[in-house]
Amino acid sequence: MIKTIDNIETSTATMKFKNNILYIVIKEDADVDLLAVKESVKARRKMQGDEPVLVLVDSRKMWQLTKEANYYSASKEVAELSKAMALLTDSSLAMRMITNFFIRMNRQYVPTKMFNSEGKALEWLNTFE
C-alpha cells in the first residue's frame, strides 16, 4: 500500500495508520455533518490515495451524525475507500440505531460490522487481509 501521510486531523476526527489499518477516531462530542464527512473523505484520499484499506472507526465519543452525513458515508463513493469497516460504538440505543442504519446502507458495498470491543473489531478486520 502506498501511503503519503501517516496521520491527519480533521475538524471532527483524527486518522492514523497502524498495522495497515486506518484508525478513524471521532472527536469527543463531535457533531458530524455532511461537510465534516466530506472533509474526512478528502483527508483519507490524501492518506491512502484511491486504494481501499481496512478501517476501524471509533465513534464512541461522537455526539451525533446528521442524516445527510450518514447517507453520504454509506455511499458507493465513500465505501470504495474501504476493504472492510469495523465500527466501534458505545452501548447507547441511539448510537446503536445510527450504526445499524449505516451498516444496512453500507453492506451492499463493503463488509461492515459493529463492535463494542476494539480487540474483537481488529480480529474481524484481520480476516480480510
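The values are calculated or read from the model by the stated rules, or taken from the named source; none is laboratory data. The structure displayed is predicted, hence computed values, not measured ones. Ideal geometry is used to build each Cβ from the backbone, glycine not excepted, and the neighbour counts take in all protein chains shown. Ligands, DNA and RNA are stripped out before the accessible areas are found, and what is left, the full protein with its side chains, is counted by its heavy atoms. Shrake-Rupley method; radii C 1.70, N 1.55, O 1.52, S 1.80 Å.
To put it simply, the accessible area of the chain at a 1.4 Å probe is 51 percent carbon and sulfur. Note on LYS38: lysines with a C-alpha under 25 Å away, same-chain residues under 8 apart excluded, are LYS3, LYS16, LYS18, LYS27, LYS46, LYS61, LYS67, LYS76, LYS83, LYS113.
The charge dipole of segment 28-96, taken about its Cα centre with unit charges on the Cβ of Lys, Arg, Asp and Glu (plus for the first two, minus for the last two), comes to roughly 180 debye.
Dipole magnitude for the chain: computed about the Cα centre from +1 point charges on Lys and Arg Cβ and -1 point charges on Asp and Glu Cβ, it is near 240 debye.
Ratio of Rg to Rh for segment 1-64, alpha carbon only, Kirkwood?
On the way: Rg = 11.3 Å, Rh = 11.8 Å.
Ratio of gyration radius to Kirkwood radius: 0.95.
Loop-located trypsin sites (Lys or Arg not before Pro) in segment 8-113 (DSSP state other than H, G, I, E, B) with a sparse environment of at most 14 neighbouring Cβ atoms within 10 Å: LYS61, ARG107. Measuring only protein heavy atoms, the 1.4 Å probe finds SER92 accessible over about 50 Å². Sites listed here are chymotrypsin sites (Phe, Trp or Tyr not before Pro) in segment 1-65 whose DSSP assignment is loop and whose Cβ has at most 14 other Cβ atoms within 10 Å: TRP63. For segment 74-84, backbone phi angles converted through the Karplus equation (6.51, -1.76, 1.60; θ = phi - 60°) give residue-by-residue couplings of 8, 6, 4, 4, 7, 4, 4, 7, 10, 7, 7 Hz, Gly and Pro being listed as x.
Scalar couplings 3J(HN,Hα) for segment 20-28, obtained by applying the Karplus form with A = 6.51, B = -1.76, C = 1.60 to θ = phi - 60°, are 6, 10, 8, 8, 10, 10, 6, 5, 4 Hz; x denotes Gly and Pro.
Computed with a 1.4 Å probe over protein heavy atoms only, the accessible surface of segment 18-129 comes to 54 Å² per residue. The coefficient of translational diffusion for segment 8-129, derived via Stokes-Einstein from the alpha carbon Kirkwood radius under 37 °C and 0.692 mPa s, stands at 233 µm²/s.
Only helices enter the 222 nm calculation for the chain: every DSSP H run of n ≥ 4 contributes -39,500 (n - 2.57), and dividing by all residues gives -11000 deg cm²/dmol, rounded to 500.
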